[in-house]
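The values are calculated or read from the model by the stated rules, or taken from the named source; none is laboratory data. The model shown is predicted, which means the values in this text are computed figures rather than measured ones. Because the Cβ atoms are built from the backbone with ideal geometry, glycine has one as well, and the counts that use them run over all protein chains shown.
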């Protein structure tokens, strides 16, 4: 039986969950986490659906959209550093209220984005990203410490793949007036709301998108509060993780330095690639010939297929209970994902597949490598090598490097490759990540598998990683 959360007043539904069969609990927990983080993306990513064509930042060669992307990424990355302390110390009674407060703060920043002059809009998106980086960690609080945590975390990780496409397509529909047309079919309020929306301007679109998804977010948070705490059985099999002092962090880096350098190098390019594809999908699909008028939900279609592929891969990975076996399979899946980038580009250039399938396969390949970094890779490394401490430290080291890469690539594109199209730059970046990333992952796999020592170890705590990123 699950232990109730003392900070939450238990209603009938919450009391039922405390003794519900595990499949029902897993379903409710995945829906709660997925919907919460899915809706959060409606406050983070819709601005990327706009092109802001012809606009530059402060008269420089840096495009306004590039500056906006960088502003939000910097705020989001800073939020992760704050979250290392904040997310780990917050009490159960404050989690739900804090989740709502963070998203409302980000929505207020989107209002500022709509009304401030262009140079100050970058600052508004910085303020928008600043609270959102802590949402992941607060959601994870409700999922960790359970025998089913890997399944729950896989569902959570897939939410941002789907949400990225759906929220951008929703934003494009707002700007085209398609959402207003749907509102007009509703009785009474339809004509009023639809007429008020019309075609939403680029700078107002992110704020309006957030308003639409706010009820979904609030519903997801409510569901999270209904989840019971980990049961006695969960606690009995949980792999223990302890905070790390400064000396322990240095000892960790000394012990795993070469492997961490390899992983961080791969993640540097992988995060930058994932962010570039995510932020400029609209432009890339346009250059591929998929105009919005004829392909209104093409981004959602591509990302839904990507999500399905990632779910299958993560489900396969969850079948391996021995840490060393799981680590070996994880590296194989991640490397295969990066090799898929090169293979799909070859097929695209040979006109064997269309641009849609090329974008879908590059998404699948990059997320097959990206998701394990955020869900289980470092947890399995620490379990397999008997490392003391918490996987959060390793995750945040790689995240810091990754977001540095993302900002660097954004600036490099506009300052050093300003005449190159988004599509051309993306294709070249695909080849670079395929080559450099694959080599780094293969070398890292050899390094960490040689260090692993769990072949004959008891497996009592393997099924349930307890450390998770504040992403």
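Considering segment 288-297, the residues that are surrounded by 15 or more Cβ atoms within 10 Å (Cβ to Cβ) and modelled with pLDDT of 85 or more include one that is farthest from residue 366 (Cα to Cα), namely 290. Scanning segment 59-93 for residues that are surrounded by fewer than 16 Cβ atoms within 10 Å (Cβ to Cβ) and closer than 29 Å to residue 285 by Cβ yields a count of 2.
If you go through segment 12-53, how many residues are assigned to a loop (DSSP other than H, G, I, E, B), without any contact (Cβ under 8 Å) to a residue 60 or more places away in the chain and in contact with a helix residue (DSSP H, G or I) (Cβ under 9 Å, 6 or more places away or on another chain)? So that I can check it myself, show each step before the final result.
Restricting attention to segment 12-53, the residues satisfying the condition of being assigned to a loop (DSSP other than H, G, I, E, B) are 20-21, 45, 50-53.
Filter again for without any contact (Cβ under 8 Å) to a residue 60 or more places away in the chain, leaving 20-21, 53.
When the remaining residues are screened for being in contact with a helix residue (DSSP H, G or I) (Cβ under 9 Å, 6 or more places away or on another chain), the result is 20, 53.
The total comes to 2.
For segment 48-63, the condition holds for at least one residue, the condition being that it is more than 21 Å from residue 127 (Cβ to Cβ) and in contact with a strand residue (DSSP E or B) (Cβ under 8 Å, 6 or more places away or on another chain).
Taking residue 114, is it more than 20 Å from the chain's Cα centre (by Cα) and buried (at least 23 other Cβ atoms within 10 Å of the Cβ)?
Numbers: more than 20 Å from the chain's Cα centre (by Cα): yes; buried (at least 23 other Cβ atoms within 10 Å of the Cβ): no.
No, not satisfied.
Take the conditions (1) in a helix (DSSP H, G or I); (2) under 25 Å from residue 175 (Cα atoms); residue 99 misses just one of them, which is (2). Being within 26 Å of residue 404 (Cβ to Cβ), in a helix (DSSP H, G or I), at pLDDT 80 or above and assigned by TED's automatic domain parsing to the domain that holds residue 171 is a description that does not apply to residue 84.
Filtering segment 185-217 down to residues that are assigned to a loop (DSSP other than H, G, I, E, B) and exposed (fewer than 15 other Cβ atoms within 10 Å of the Cβ), which residue is modelled with the highest pLDDT?
Step one: of segment 185-217, the residues assigned to a loop (DSSP other than H, G, I, E, B) are 185-188, 198-204.
Narrowing further to those that are exposed (fewer than 15 other Cβ atoms within 10 Å of the Cβ): 185-188, 198-199, 201.
Working: 185: 53, 186: 47, 187: 50, 188: 43, 198: 66, 199: 83, 201: 89.
Result: 201.
The numbered conditions (1) under 18 Å from residue 163 (Cα atoms); (2) in a helix (DSSP H, G or I) are all true for residue 296 except (2).
Of 315, 330, 343, which residue is over 15 Å from residue 423 (Cα atoms) and free of Cβ contacts under 8 Å to residues at least 24 places away in the same chain? Steps first, answer last, please.
Working: 315 fails: free of Cβ contacts under 8 Å to residues at least 24 places away in the same chain; 330 fails: free of Cβ contacts under 8 Å to residues at least 24 places away in the same chain.
Just one listed residue meets the conditions, 343.
Only one entry of 152, 130, 138 meets the criterion of being farther than 30 Å from residue 23 by Cα, in the same structural domain as residue 25 (by TED's automatic domain parsing) and not in a loop (DSSP other than H, G, I, E, B), and that entry is 130.
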